[in-house]
1. What are the residue pairs meeting all of these: first residue in segment 1-20, first residue touching a residue at least 12 places away in the same chain (Cβ under 8 Å), second residue among the aromatic types (F, W, Y) and in a helix (DSSP H, G or I), Cβ atoms under 8 Å, and 6 or more apart or on different chains?
2. Scan segment 82-101 for residues that are buried (at least 16 other Cβ atoms within 10 Å of the Cβ) and either outside any loop (DSSP other than H, G, I, E, B) or within 14 Å of the chain's Cα centre (by Cα) (or both) and report the count.
3. Can you go through D215, D223, D245, D228 and tell me which one is at positive phi and modelled with pLDDT of 95 or more?
4. Condition test on E32, is it under 13 Å from R188 (Cβ atoms), at pLDDT 95 or above and either in a helix (DSSP H, G or I) or touching a helix residue (DSSP H, G or I) at 6+ places or on another chain (Cβ under 8 Å) (or both)?
5. Going residue by residue through segment 166-173, is there one that turns out to be closer than 16 Å to E140 by Cβ and modelled with pLDDT of 95 or more?
6. So which helices (runs of 4 or more DSSP H) are wholly in segment 210-269 and hold at least 3 residues that are under 15 Å from the mean Cα position of the chain (by Cα)?
7. Could you tell me which of the residues L36, L53 is of a type in the set (A, V, I, L, M, F, W, C) and over 22 Å from V113 (Cα atoms)?
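The values are calculated or read from the model by the stated rules, or taken from the named source; none is laboratory data. Values in this document were obtained by computation on a predicted structure and should not be read as measured data. So basically every Cβ, Gly included, is an ideal-geometry build from the backbone, and we count neighbours across all protein chains shown.
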Amino acid sequence: MITGGASGIGRALGVELAARGCEVVLADRQVELAELAAASIRDAGGKALAVELDVRDRAAFRRVAEEAKARAGRIDFLFNNAGIGVGAEIERCDPEDWDEVVDVNLRGVIHGVEAVYPLMVAQRSGHIVNTASMAGLVPEAGEAGYTATKHAVVGLTKALRVEARRHGVRASALCPGAIRTPILTGGRFGRIRLAGVSAERVAALWERTRPMAPDAFAQQALDAVLRDEPFIVVPRWWKSLWYLDRLSPSLSLRLWEVLFRRALIDLQG
């Protein structure tokens with residue numbers, strides 16, 4: 001079961017899981033796009049179903065999970081992948097920005113855990129993969145709400161992994177670097193609120209980091225899931241920034257200050 005399964009990382013994970021023999025449920029509030037993704041998987045010989053789901057709706061998440069369990073007999077993987085971004089300096093964020101990011105990126109993950117974890121505990125197996133981000137491991141500026149929620153997702157996943165082990169259930173935090181998906185400019189429901197900065201400029205800046213194609217990402221990420229890695233960082237070179245933050249938080253902060261200043265200069269011309 002994959003939330004945000006209609007596009008980007010979610011769709012790529014669905015394609016790769018189906019190719020490896022899984023029956024996948026692509027859950028997304030863009031249900032028409034999810035239907036297209038599921039149809040392409042079925043056309044390739046895989047098993048896929050699209051369902052409409054807004055992860056902010058706790059009751060709907062529980063209903064979709066129970067229906068998936070009833071149909072297939074079990075849920076082996078939950079990919080809590082739906083997310084949005086708001087690119088903005090903190091002084092430019094309004095209450096709606098904070099609420100939407102928290103509701104989708106954090107509450108959406110919590111709702112997924114609430115809906116699926118008890119089912120996995122009952123079946124004594126399963127793996128919950130929560131999509132965080134490198135922004136959940138390092139102090140990415142210019143998107144404080146996104147960074148805050150992704151740090152929270154990493155923390156939630158750590159606690160869940162420790163608790164779940166005794167039930168035979170696994171948990172991993174998926175922490176992508178730059179992946180060539182709509183989330184780089186906020187996603188379908190996100191936005192850029194940096195003064196005088198267009199989404200095109202933001203996308204061009206991200207291109208300098210050599211974003212990975214979603215299909216290549218999905219292959220490497222799923223290999224890591226099957227190895228039961230607790231923190232999955234892909235592309236691997238992004239780990240260097242994570243290691244620096246762990247070894248010297250003060251030096252990491254100074255580095256990100258420099259990167260943020262340079263980014264603002266480049267974005268604003």
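1. Hits for this filter: I9/F217; A12/F217.
2. Going through segment 82-101 one residue at a time, the tally reaches 11.
3. On the way: D215 fails: at positive phi; D223 fails: at positive phi; D245 fails: at positive phi.
Answer to the check: D228.
4. On the way: under 13 Å from R188 (Cβ atoms): yes; at pLDDT 95 or above: yes; either in a helix (DSSP H, G or I) or touching a helix residue (DSSP H, G or I) at 6+ places or on another chain (Cβ under 8 Å) (or both): yes.
Yes; evaluated as a whole, the condition is true for this residue.
5. Residues of segment 166-173 closer than 16 Å to E140 by Cβ: 173.
Pick out the ones that are also modelled with pLDDT of 95 or more and you get 173.
Yes - at least one qualifying residue is present in segment 166-173.
6. 214-226
7. On the way: L53 fails: over 22 Å from V113 (Cα atoms).
Of L36, L53, the one residue that is of a type in the set (A, V, I, L, M, F, W, C) and over 22 Å from V113 (Cα atoms) is L36.
Yes/no matrix, rows are residues, columns are (1) of a type in the set (A, V, I, L, M, F, W, C); (2) crowded, with 18+ Cβ neighbours inside 10 Å; (3) closer than 30 Å to L267 by Cα:
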residue	(1), (2), (3)
K150	no, yes, yes
A171	yes, yes, no
A204	yes, no, yes
L244	yes, no, yes
